[in-house]
Amino acid sequence: MIRRFALAAAMSVAALTPLAGGAPMAAQEAEPECASALWLEPLATVDEATPEIAEITESAPAWMTAELTDACTGETFTLADFAGKTVYVESMATWCPPCRDQLARVKEAAAQIPEEERADAVFVALSTEVDLPRETLAEYAASNEVPFVFAVMPAEMVQAMADDLGQEIAIPPATPHLIIAPDGTVGDVHTGGASAEDVLALLAAAKETAAS
């Protein structure tokens, strides 16, 4: 698995509907930095043989160890790679208005986390559009200014999550989301719009549970 992550990747931003509505965003000439590098770049220095990661990976469900490709950089990772961090995971689709609204609220929540703690809370948006080109998902993330890790789930991962967590995880308009605690514990799947305060509460509860 590739463990070397670039800070920026070439992407042209197509005209997509912005989060707050209004006129479509024009294509940007400058190449935006990959916000996902905040969490992905440190993985390059993590020894995969560390007891923490090895223990979580060994007991993790198949979907947590499925290989994903970061939409921005094109590099690979798994959800289990974030062992030791609190991970917010949301299933979404680029065609889904409720998903876009939910991501905006999660973005608001992320902005309220103290700067010194932001690297410990990972935000991952997983598209259920299994055949979607990663570049298209990267354009969606950039045009909507959502600073999370974005990746397209392979069909096998979607099925594994549905089998393990319930079919709602594969229904983007339901805005399914869950928290993976630092110790690898997978929280319940929540559906429906969650406020920024709701998201922060879920993150805090997962962190506290893992610490106890």
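The values are calculated or read from the model by the stated rules, or taken from the named source; none is laboratory data. Quick caveat, the model's predicted, so the values are computed rather than measured. Note that we place each Cβ from the backbone using ideal geometry, even for glycine, and neighbour counts take in every protein chain shown.
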Residues being crowded, with 16+ Cβ neighbours inside 10 Å and part of a loop (DSSP other than H, G, I, E, B): count how many of those fall in segment 114-146. 5
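Please go through segment 40-71 and give me each residue that is of a type in the set (A, V, I, L, M), modelled with pLDDT of 90 or more and either surrounded by fewer than 22 Cβ atoms within 10 Å (Cβ to Cβ) or not in a helix (DSSP H, G or I) (or both), ordered by number. Let's see the steps before the verdict.
Taking segment 40-71 as the starting set, the residues that turn out to be of a type in the set (A, V, I, L, M) are 40, 43-44, 46, 49, 53-54, 56, 60, 62, 64, 66, 68, 71.
Keeping just the survivors that are modelled with pLDDT of 90 or more gives 62, 64, 66, 68, 71.
Residues satisfying the conditions are A62, A66, L68, A71.
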Top-ranked residue of segment 72-96 - restricted to ones that are of a type in the set (D, E, K, R) and outside any helix (DSSP H, G or I), ranked as surrounded by the fewest Cβ atoms within 10 Å (Cβ to Cβ): K85
Does A155 meet the test of being out of contact with any strand residue (DSSP E or B) (no Cβ under 8 Å at 6 or more places or on another chain), small (G, A, S), surrounded by fewer than 15 Cβ atoms within 10 Å (Cβ to Cβ) and over 18 Å from P97 (Cα atoms)? yes
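Would you pick out the residues in segment 169-190 that are among the polar types (S, T, N, Q) and surrounded by 16 or more Cβ atoms within 10 Å (Cβ to Cβ)? Give the derivation first.
Of all residues in segment 169-190, those among the polar types (S, T, N, Q) come to 175, 185.
Result: T175, single match.
State whether the residues of segment 149-169 include one that is in contact (Cβ under 8 Å) with a residue 24 or more places away in the chain, more than 16 Å from the chain's Cα centre (by Cα) and part of a loop (DSSP other than H, G, I, E, B). Explain how you work it out, then say what you get.
Going residue by residue through segment 149-169, those that are in contact (Cβ under 8 Å) with a residue 24 or more places away in the chain are 149-158, 160-161, 164-165, 169.
Next cut, more than 16 Å from the chain's Cα centre (by Cα) only: 155-156, 160, 164-165.
Then keep just the ones that are part of a loop (DSSP other than H, G, I, E, B); that gives none.
Checked segment 149-169: no residue is in contact (Cβ under 8 Å) with a residue 24 or more places away in the chain, more than 16 Å from the chain's Cα centre (by Cα) and part of a loop (DSSP other than H, G, I, E, B).
Answer yes or no as to whether T209 is polar (S, T, N, Q) and closer than 25 Å to V152 by Cα. Steps first, please.
Details: polar (S, T, N, Q): yes; closer than 25 Å to V152 by Cα: no.
Judged against the criteria, T209 is not a match.
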